[in-house]
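Since the structure comes first, as structure tokens, the remarks are kept for the end.
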Amino acid sequence: MSAETALKQVKSGDRVVVGHACGEPPTLVDALVARAPELKGVEIVHMVAMGPAKYAQPGMEGSFRHNSLFVGATTRKAISEGRALHTPCFFSEIPRLFSWRILPVDVTLMQVTPPDAEGFCSLGVSVDYTLASSRSDHVTIAQMNKFMPRTLGAKIHLNEIDCIVEKDEPIIELKPPTIGDLEKAIGENVAKLIEDGSTLQLGIGAIPDAVLLFLKEKKDLGIHSEMFSDGIVALAEEGVVTNKKKTINTGKFVATFLMGTRRLYDFVDGNPDVEMHPVSYTNDPAVIGQHEKMVSINSALQVDFMGQVNAEMIGHNQFSGVGGQVDFVRGASRSKGGKSIIALPATAAKGTVSRIACELDRGSAVSTSRNDVHFIVTEYGAANLRGKSIHERAKALIAIAHPNFRESLTAQARAQGML
Ligand code: COA
């Protein structure tokens with residue numbers, strides 16, 4: 001049916017879950033937004049919105065109330081201005097929020113490939129929470145798009161979809177980030193901690209991509225990550241990532257969503273070495289921890305002397321979300337030989353603020369707790385905080401702070417009785 005006809009299923013007051021990141025179905029979202037004048041109080045639940053998020057723009061709040069499970073560039077302003085909401089949650093938890101009806105779902109908007117001979121469609125670049133949402137809702141509306149790569153692993157049968165809108169259009173792409181000298185210095189320090197045969201989780205952005213530049217000499221790395229991007233394709237083609245030494249899902253790249261360019265989407269299309277699973281599997285610390293030498297690499301905005309990591313807030317402003325950070329930090333800490341790494345520049349705001357701080361800024365949140373933290377890495381080195389006292393942590397963190405701040409940080413630590 002047409003998108004206009006399919007979206008008539010949405011009623012005022014419904015909760016609508018939209019497919020995640022590059023799996024967002026643009027035609028369905030546009031058709032929903034076009035109904036703004038006739039709808040009231042429709043809650044749109046979304047994680048990373050890679051499209052323009054028109055439902056969160058000024059003037060839309062009567063029709064749509066956006067509830068963001070992760071805050072990104074297109075939704076940040078709406079949240080800081082009080083026109084949209086943020087619900088904090090671990091990424092691994094989201095399928096349970098839907099299937100246990102903590103957040104009951106009325107309608108799911110997703111994107112799939114055309115069906116195979118048995119009627120199964122692939123969820124392509126986004127499995128994560130979409131499958132759980134569609135299995136708990138009243139109405140599943142799918143955009144069927146021939147450009148969506150057919151990834152193996154989780155799939156949905158035509159019988160589970162209520163409305164199909166056939167619309168072929170390019171899948172949303174994420175261009176590789178610019179990697180500067182700062183990111184390279186951090187990436188090199190992170191890469192020193194990665195042993196041959198490790199299984200990796202990498203986040204999005206310039207720092208994780210910079211790490212990849214320094215892995216070319218490593219052997220038999222594996223991928224068990226919530227997502228991966230174009231940089232991993234290059235390492236696979238060079239024979240660095242083989243997945244051969246993975247303790248479970250041996251030989252397979254495992255992820256729950258993908259963000260990259262067409263190069264990545266062509267690499268995963270029909271690739272039997274790539275398995276896409278719901279995020280309740282990929283991000284379950286009990287699953288992650290089964291890998292020996294599991295290494296998680298994520299970033300942060302601020303770290304205090306106790307090792308509390310803020311990856312989400314700048315003061316009172318919600319800048320991001322916890323996403324899968326804690327899922328992987330906890331998974332890596334259960335792994336024999338595992339390491340969780342939080343890698344961040346030593347300063348922010350053009351060098352005027354030290355990200356290593358005596359305490360987190362007022363209003364901000366703890367994402368990774370001091371009980372979970374392991375390695376903190378900046379361009380000045382690595383601090384291993386696991387099993388270390390508060391005194392030892394403060395000392396180790398000051399040693400990797402920007403040199404311009406070390407004296408004042410030391411004075412603050414002494415004043416607090418931490419040194
Ligand atoms: N005080 C003041 N400003 C700060 C700050 C601080 N402590 N920390 C950062 N900023 C500013 C930066 O200067 C920058 O502004 P600018 O661009 O004007 O210079 C801005 O905030 C963004 O900081 P940056 O470090 O560049 O952010 P990023 O885009 O690299 O994202 C996270 C970093 C932490 C937000 C991101 O990694 C994230 O969302 N992490 C949580 C989720 C996660 O780990 N998921 C798992 C893997 S996907």
key: Residue list for segment 306-327, restricted to those being over 19 Å from residue 227 (Cα atoms) and open to solvent by 10 Å² or more (accessible area, probe 1.4 Å)   = 306, 308, 313, 314, 315, 316, 317, 318, 319
request  = Give the number of residues within segment 209-218 that are more than 16 Å from residue 382 (Cβ to Cβ) and within 12 Å of the ligand (Cβ to nearest atom).
outcome  = 1
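Across segment 306-327, what is the number of residues that are closer than 15 Å to residue 376 by Cα, in contact with a helix residue (DSSP H, G or I) (Cβ under 6 Å, 6 or more places away or on another chain) and more than 6 Å from the ligand (Cβ to nearest atom)?
The number of residues fulfilling the criteria is 2.
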message = Return the residues of segment 343-387 that are outside any strand (DSSP E or B) and touching a Gly at 6+ places or on another chain (Cβ under 8 Å); say none if nothing qualifies.
response = 361, 362, 363, 364, 370, 373, 385
ask   = Out of the residues in segment 349-367 that are in contact with a Ser or Thr (Cβ under 8 Å, 6 or more places away or on another chain) and in contact (Cβ under 8 Å) with a residue 12 or more places away in the chain, which is nearest to the ligand (Cβ to nearest atom)?
value = 355
ask   = What are the residues in segment 88-111 that are within 15 Å of the chain's Cα centre (by Cα) and more than 16 Å from the ligand (Cβ to nearest atom), if any?
value = 95
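I need the full set of residues from segment 288-305 which are over 14 Å from residue 373 (Cα atoms) and either within 16 Å of the ligand (Cβ to nearest atom) or open to solvent by less than 10 Å² (accessible area, probe 1.4 Å) (or both), in order please.
288, 291, 294, 301
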key: Among the candidates 149, 170, 114, residue that is surrounded by fewer than 24 Cβ atoms within 10 Å (Cβ to Cβ) and more than 23 Å from the chain's Cα centre (by Cα)   = 114
key: Odd one out for residue 339 among (1) within 30 Å of residue 413 (Cα to Cα); (2) within 12 Å of the ligand (Cβ to nearest atom)   = (2)
query = When segment 347-359 is examined, which residues are found to be open to solvent by less than 30 Å² (accessible area, probe 1.4 Å) and touching an Asp or Glu at 6+ places or on another chain (Cβ under 6 Å)?
reply = 357
message = For segment 389-403, give me the residue count where each residue is touching a residue at least 24 places away in the same chain (Cβ under 8 Å) and either among the polar types (S, T, N, Q) or surrounded by 15 or more Cβ atoms within 10 Å (Cβ to Cβ) (or both).
response = 9
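The values are calculated or read from the model by the stated rules, or taken from the named source; none is laboratory data. Being a predicted model, the structure only gives us computed values, none of them experimental. Glycine also receives a Cβ, built like all others from the backbone with ideal geometry; neighbour counts cover every protein chain displayed. We work out accessible area using only protein heavy atoms, side chains counted, and drop any ligands, DNA or RNA first. Shrake-Rupley method; radii C 1.70, N 1.55, O 1.52, S 1.80 Å.
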